[in-house]
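Note sheet for the following structure.
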Amino acid sequence: MIDSGDVPGGEKLYLIRHGSDYEILLGDEQLMGSWASCSEAALALLVCPRLTSPAPTMLIGGLGMGFTLAAARSALPADARIIVSELVPSIITWARGALAHLFAGVFEDPRVAIEPRDVHDVIVDRTGGFDAILLDVDNGPEGLVALANERLYCNWGLRAAYAALRPGGILAIWSAFRDDSFHSRLQAAGFGVEEFSIDPDGTGRDPPHVIWLATRSHKVEEGGCGVSA
């Protein structure tokens with residue numbers, strides 16, 4: 001083990017090294033490994049070609065090992081703005097330290113701003129502020145890392161994301177598993193939804209990860225977290 005870090009709410013993350021590879025664990029649960037980055041990169045690579053603004057503003061929820069951010073940096077134009085919201089301070093520390101080789105050039109890129117905040121708060125604060133919101137803050141549409149993450153995936157949270165997007169904007173969500181009820185919840189929140197299955201490491205040995213692209217297309221009524229689609 002290289003280091004550990006506290007998650008707001010009481011959980012703990014661990015940064016582990018295996019030779020030249022690294023992984024981040026929540027207790028005994030693997031959240032990510034440096035050897036499997038295909039689906040994290042796809043989260044950005046599926047979104048970027050669909051953006052129509054010549055100078056898009058993108059919010060990425062979850063810094064992780066930087067694979068989504070790296071893909072966004074390679075695909076977005078020079079006038080783009082990329083805001084990365086990271087809840088766990090140790091993740092940012094690791095990005096500048098033990099994992100710095102995975103983040104080469106990130107902190108010098110004038111397009112990139114790292115905000116040590118809950119992405120939910122950033123979404124709520126910036127109505128109409130984004131062309132894209134990319135969420136990879138948990139293992140799927142549930143609060144595993146932090147129970148408060150469930151705010152992002154309930155009906156109210158999805159409608160907050162809808163309001164934070166500009167017309168035609170895209171909400172993209174990464175998951176380690178399929179969730180048909182969540183797909184339906186996105187549609188009920190007013191999004192047009194596409195679902196993609198992605199091989200996590202390019203070998204075909206492990207179950208596919210899932211990415212939902214939800215496009216803001218029409219106005220919806222407000223609702224609460226207790227209402228299921």
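A few remarks follow.
- Amide H to amide H, with H built 1.01 Å from N, Ser217 comes under 5 Å of Gly192, counting only residues 5 or more places away or on other chains.
- Dipole axis of the chain (+1 Lys, Arg; -1 Asp, Glu on Cβ), positive-most option in Asn139, Ile173, His18: Ile173
- Equivalent-ellipsoid semi-axes of region 36-216, from the Cα gyration tensor, Å, largest first: 22, 19, 17
- When the helices of the chain are scored as -39500 (n - 2.57) per DSSP H run of n ≥ 4 and the total is divided over every residue, the value at 222 nm lands at -6500 deg cm²/dmol.
- Charge dipole magnitude, Cβ of K and R +1, D and E -1 - region 36-216, Cα centre, debye nearest 20: 440 debye
- Accessible area per residue, Å², the chain with all protein chains present, probe 1.4 Å: 44 Å²
- Reduced Cα scattering model of region 70-115, Debye log10 I(q)/I(0), q = 0.16 Å⁻¹: -0.44
- Positive-end ranking of Phe130, Cys38, Phe67 along the dipole of the chain, with charges on Cβ about the Cα centre, is headed by Phe130.
- Surface composition of the chain: carbon and sulfur make up 50 percent of the accessible area, probe 1.4 Å.
The values are calculated or read from the model by the stated rules, or taken from the named source; none is laboratory data. As the structure is a computational prediction, the values presented were derived from the model and not from experiment. FYI the Cβ positions are ideal-geometry reconstructions off the backbone, even for glycines, and counts take in every protein chain you see. Protein only, heavy atoms only, side chains kept; ligands, DNA and RNA dropped before computing areas. Shrake-Rupley method; radii C 1.70, N 1.55, O 1.52, S 1.80 Å.
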